[in-house]
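In what follows, a single structure is set out as structure tokens and then discussed.
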Amino acid sequence: MEQKKIGFWTVVFFVFGSCVGTGIFFKNKTILANTNSISLLLFSWILAIFAIVCLCFSLKEIVHQSKLKNESGFLGWIKTFCKTRFYKGFRNFMLYFYMPSLMFFLPYYAIQSVMDALSLFFPSEVIIPFWGMILLSLLVFFYVTIVPMFSKKAVLVQSNIFSFLKFIPLLFGIIGGIIIFATFGHGTAPNHFFEPNLPPRDEPTPFNLTNCTPFLGIIASIPAIFFSFDGFYNSSSLETKMKNPQNFSKAMILGILVVAAIYLTFSLGMALGAKDGTIIGLENAWESDAIGVKVIKFILLLLISFAVLGTANNWGLYITDSIKSSVDEKTFLFSLKTSSLNNWKKCTFIELFLFSYFIFFTLVGCFFIDDVIYDNYKYYDVTSKKIFSFIDIITNWSSLFVFIGLGITIFGFLISNKNCELKVKIFSWLGIFFIAISTLFEVSNCIISLFSSIIWQFKHSDTKITEYIIPNILKTLLLAVIVWICFFNKNKEQSKNIENINQNIQNIA
């Protein structure tokens, strides 16, 4: 029986569902802090969106040519157009960094929203100490990683419920922020173009590129925006199922533009109506202690927490399936010893593998830098601020390296298809350029921050070494490990079949 073909608008809505997630609720304050200006905030969004749209022009041909070689999805594209070592590197990146990192930061994001909600009633108190936050996040971690291995139906039911909830805070942020600004005239400070990027602390801190000037803050914001759009490429699997496949690129671009319009409007509403660009920041703009106002924001923040749980549920299902498939194919860590285990023991192995990452990342976060954007969050203790600052970095890097993989794929496509349309060439090179600039900035900022903290230590001998030097060493080492995994890992073991991993990634919406 011939499979029913899908229409143009089905693809548009699929792109919409793949992109709209929870990143916008947690990244908006970072983007606003980086730019310190409404106009530059909007410019950051427009620039990153333009880069993503540029990538779409070549994806149609990439998908088509990959299908001819029976390859599909993100890893299949890299295998088709890049050298084998890049394919191996990004395969390992997905399995040994990207997927485990998702199971690390999503539980923390869920608990962070709960902490923000409780702070409405206890604004100046540490509601949940860092050890309590870690334990609660660990409970969420166990829930979203254990349940998918034993009850896929439960995950799908929860996903359908939780996925709907994320649209309520989005809608409120768009309407509420603009209404509050129009009524009270509060929100972000006037445009600043040349002043220091972030408000200084009581004591000066070591130099880094991000807080040098808001113009560099635009580049620093691109990975955060990439995180908000991560997943748009999953819609590529629909190209061969369309009634008119030639319209695939148009449908993908339109879907991205719809998401972009929603994100831009939300970001603008939060920038206009809140001091820090978040829903909880509306308390400052509203200047009201009315219990009704607090209850509304309390409910919205809990809805965001449930939305994060929905996203974590989806990823928990597909990550555990992907690792299990890789174990069965004997292409995963210790696969020769674990592939013959029964299902219960395999599930235990997967759980221990993901749990070890959760503990490792948590320990690194405890020694990270206390980011200035959390200075006004009096209800977080210092260690909690450090963990959330680390999460902000690791989420940016995770998405940035996925986009680097896309950029390398497109570069390989352009090299092997020198006669493709001029329009495709121009936009594809522009997309690669923005990814390269963003990558260069992140690497340079990491190295400069490290040397700056060392110089700072010599000039301020009373400063504890754990305050700046150790966090920057950890940050640099982590970036070096990711780069090594993606580009310099010479693991001779090659996957026999990546279809399951790619299909699992594509199915996440």
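Estimated from the Cβ-Cβ distance and a Förster radius of 51 angstrom, the FRET efficiency linking Phe487 and Lys378 is about 0.75. The label-point distance for Ile473 and Trp9, in a model that sets each label 7 Å from Cα toward Cβ, rounds to 6.0 nm. Available extension along the chain between Phe451 and Ile146 is 105.6 nm, counting 0.36 nm per residue and deducting the alpha carbon span. The length gained by stretching the chain between Cys366 and Phe164 to full extension, at 0.36 nm per residue less their Cα-Cα distance, is 69.4 nm.
Once the Cα-Cα distance is subtracted from the 0.36 nm per residue extended length, the Asn419 to Cys212 segment shows a gain of 70.3 nm.
Bear in mind that the values in this text are calculations on the coordinates, not laboratory data. All values reported here derive from a predicted model rather than from experimental measurement. Positions of Cβ are backbone-derived with ideal geometry, glycine not excepted, and every protein chain shown enters the neighbour counts.
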